[in-house]
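J.: What follows is a single structure, and I will ask about it in a moment.
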Amino acid sequence: MPRTPEQTAALRAKVAQIQSWYHRIDLGEGVETPGHFRMADYLRHYHFPERMDGMRVLDVGASTGFFAYEFERRGAAEVVAVELPSWEAHDWTPRYRAELQQKSLNERQNVDREVMVDGFTVVGEGLGSKRVKRIWKAIYDLRAADLGTFDLVFSGAMLMHVRDPILGIQRMRECCKPDGRLIVSISTTLADQKDPVARFVGEWNQCNWWQMSPACLDAVLHCCDFTHIDHRAHYTLQDVTGQFHDPTYVCHAFPRQ
Ligand SMILES: C[S@@+](CC[C@H](N)C(=O)[O-])C[C@H]1O[C@@H](n2cnc3c(N)ncnc32)[C@H](O)[C@@H]1O
């Protein structure tokens, strides 16, 4: 149903109240979230099914929700979007965690609300979402016994942020139906490297641990019981200013049939 001018103005005001947006998302009638990344420009590299009618989809590390709501738009019956319960719940390096703990409780709660919570909620309201549910968990805590299994599990640009990406992939495999698939993208500075290598990048600030070569991701997927890998793609993610460039590898991994 189209919004009234008053509803559009109210939505615009809610969007403007949030200082930190990851995704730039078109909410219709001239309202757009002012995020860094317009992922709609890169969708073709992910080779998602055009229609997802009837599918259960798990979006791990959903941030402000571009992909979760895109899966709903494509007809998914149910989208479960996973996000960390707080900013502090990231796998921070001990050095950065010590810095974080210097901040007041109030400051930390503001970051949680601004970065982790409100944007996703406002986008859902703006799009009139009905079939997307968010849960608060780290990737390590995704268990099929709690969540069931999914036709499609998606992890976009988040495995670099986890200290143990292999356990993360194991958990996503557990949540994948035998005839389902995992679609995963990683940032990689090692795209030309033919060997299955991972470079430790924990010396960078904040929350980065491993830059895997595409061959490394493929090898990890194989050892985590994904027998077939397909739809490999490479692209360079840029932010809306064009100043940030992130070489990205995407692939689809299929479990043993
Ligand atoms: C760079 S953003 C990517 C957002 C989105 N998936 C995309 O591709 O545009 C990474 C997201 O992963 C989440 N994240 C980081 N570590 C995580 C973990 N251990 N478990 C679950 N989510 C995590 C972050 O909070 C953030 O929302």
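J.: Collect the residues in segment 150-188 that are away from the ligand (no atom under 14 Å from the Cβ) and surrounded by 16 or more Cβ atoms within 10 Å (Cβ to Cβ), keeping them in residue-number order. Let's see the steps before the verdict.
T.: Just the residues of segment 150-188 that are away from the ligand (no atom under 14 Å from the Cβ), to begin with: 150-151, 173-174, 176-181.
Result: F150, D151, R173, E174, C176, K177, G180, R181.
J.: Determine, yes or no, whether C207 is closer than 28 Å to W87 by Cα and surrounded by fewer than 21 Cβ atoms within 10 Å (Cβ to Cβ). Quick ask: steps written out before the conclusion?
T.: Working: closer than 28 Å to W87 by Cα: yes; surrounded by fewer than 21 Cβ atoms within 10 Å (Cβ to Cβ): yes.
It is true that C207 is closer than 28 Å to W87 by Cα and surrounded by fewer than 21 Cβ atoms within 10 Å (Cβ to Cβ).
J.: Which numbered condition in (1) buried (at least 18 other Cβ atoms within 10 Å of the Cβ); (2) closer than 26 Å to E70 by Cβ is the only one that D230 fails?
T.: (1)
J.: Hey, E107 hits all of (1) modelled with pLDDT under 95; (2) more than 20 Å from M158 (Cα to Cα); (3) surrounded by 14 or more Cβ atoms within 10 Å (Cβ to Cβ); (4) not hydroxyl-bearing (S, T, Y) but one; which does it fall short on?
T.: Answer for E107: the failing condition is (3).
J.: Condition check: touching a residue at least 24 places away in the same chain (Cβ under 8 Å) and surrounded by 13 or more Cβ atoms within 10 Å (Cβ to Cβ). Does L43 satisfy that?
T.: So L43 fails the test.
J.: Scanning segment 21-45 for residues that are within 11 Å of the ligand (Cβ to nearest atom) and not aliphatic (A, V, I, L, M), which turns out nearest to R74 (Cα to Cα)?
T.: Y42
J.: Another question, then. Out of all the residues in segment 117-140, which are within 15 Å of the ligand (Cβ to nearest atom) and aliphatic (A, V, I, L, M)?
T.: If the condition is that a residue be within 15 Å of the ligand (Cβ to nearest atom) and aliphatic (A, V, I, L, M), then V117, V123, V132, I135, A138, I139 are the ones that fit.
J.: Let me ask something else. Output the number of residues of segment 153-171 satisfying the condition of being of a type outside the set (G, A, S) and within 13 Å of the chain's Cα centre (by Cα).
T.: 7
The values are calculated or read from the model by the stated rules, or taken from the named source; none is laboratory data. Quick caveat: nothing in here was measured; it's all calculated off a predicted structure. Using ideal geometry, Cβ is built from the backbone for each residue, glycine included, and neighbour counts are taken over all protein chains shown.
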